[in-house]
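The values are calculated or read from the model by the stated rules, or taken from the named source; none is laboratory data. Keep in mind that this is a model prediction, so the values were computed, not measured. Cβ atoms come from the backbone with ideal geometry, glycine included; neighbour counts cover every protein chain shown.
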Amino acid sequence: GESVGLHLPTLSVQEGDNSIINCAYSNSASDYFIWYKQESGKGPQFIIDIRSNMDKRQGQRVTVLLNKTVKHLSLQIAATQPGDSAVYFCAENRDSGGGADGLTFGKGTHLIIQP
Amino acid sequence: DTEVTQTPKHLVMGMTNKKSLKCEQHMGHRAMYWYKQKAKKPPELMFVYSYEKLSINESVPSRFSPECPNSSLLNLHLHALQPEDSALYLCASSLPKGVSTDTQYFGPGTRLTVL
């Protein structure tokens, strides 16, 4: 099966509310995680990343939390706006041992912002 | 500048055609990637190049042939494709692991339709 997955395929929130998108991973050796946002017809857009030596990282209106004990990753978006509507993917590096790792993506959560 | 460009944006080809997808970045990244994304699915890794050398091939059929002519360019040559190969093909680039952050930045993709 996939090493990175998501709990919910669709999340609907009111504009202005906070959103939390969750992700579970199975590879305890993974040391780098990324959240991407993908709008319809576009490529994935980097949002925020976190390394396994951290529990929390904050960006502008976004926070990523990493719980290595239960292998869980979450993305919190504060004060959601209509422009936040998109599919959100978590991804982990594959740790190939080489000079560059590919990413394994979770299934994705479609975030819908209600007016 | 975190821009990865891909051409063409859309491509329609028959099963006997030969075509190429192109990807370009000028961020000084020495790792480049091809991913395939089917509708409503996450991207799946196909190939990884590190310092212009193929480092990962995810058991991709030989009808897909990657090429990295220099550190800024990545091509994907297509020949004798099948209708099930229709998908969004995404290119990404990053600094090699250990140099700095190895965040992958994605292009907008090429939407391929095989008739």
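Below, the figures for the structure above:
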{"item": "Given (1) out of contact with any Leu (no Cβ under 8 Å at 6 or more places or on another chain); (2) under 13 Å from B:Ser93 (Cβ atoms); (3) at pLDDT 95 or above, number of the condition B:Pro61 does not satisfy", "result": "(2)"}
{"item": "Any hit, the stretch A:76-96, residues being free of Cβ contacts under 8 Å to residues at least 24 places away in the same chain, within 11 Å of another protein chain (Cβ to nearest Cβ) and within 17 Å of A:Tyr32 (Cβ to Cβ)", "result": "yes"}
{"item": "Options B:Leu112, B:Leu45: the member that is in contact with a Phe, Trp or Tyr (Cβ under 8 Å, 6 or more places away or on another chain) and farther than 19 Å from A:Gly108 by Cβ", "result": "B:Leu112"}
{"item": "Residues of the stretch A:92-115 classified as under 26 Å from A:Glu15 (Cα atoms) and not β-branched (Val, Ile, Thr), total", "result": "7"}
{"item": "Verdict on B:Thr5 being in contact (Cβ under 8 Å) with a residue 40 or more places away in the chain, of a type in the set (S, T, N, Q) and within 15 Å of B:Asn75 (Cα to Cα)", "result": "yes"}
{"item": "Residue check for A:Pro44: surrounded by 19 or more Cβ atoms within 10 Å (Cβ to Cβ) and closer than 30 Å to B:His10 by Cβ", "result": "yes"}
{"item": "Only listed residue being over 19 Å from A:Lys42 (Cα atoms) and either crowded, with 17+ Cβ neighbours inside 10 Å or touching a residue at least 24 places away in the same chain (Cβ under 8 Å) (or both), chosen from B:Ser55, B:Ser65", "result": "B:Ser55"}
{"item": "Only listed residue being touching a residue at least 60 places away in the same chain (Cβ under 8 Å) and under 11 Å from the mean Cα position of the chain (by Cα), chosen from B:Met27, B:Met46, B:Met15, B:Met32", "result": "B:Met32"}
{"item": "Within the stretch A:61-101, tally of residues that are part of a loop (DSSP other than H, G, I, E, B), at pLDDT 90 or above and under 18 Å from A:Pro44 (Cα atoms)", "result": "1"}
{"item": "Only one of B:Glu44, B:Glu3, B:Glu24 that is of a type outside the set (Ser, Thr, Tyr) and loosely packed, with under 13 Cβ neighbours inside 10 Å", "result": "B:Glu3"}
{"item": "Conditions (1) without any contact (Cβ under 8 Å) to a residue 12 or more places away in the chain; (2) more than 14 Å from chain B (Cβ to nearest Cβ); (3) closer than 25 Å to B:Lys41 by Cβ: number failed by A:Gln60", "result": "(3)"}
{"item": "Test: residue in the stretch A:97-108 that is surrounded by fewer than 15 Cβ atoms within 10 Å (Cβ to Cβ) and within 13 Å of chain B (Cβ to nearest Cβ)", "result": "yes"}
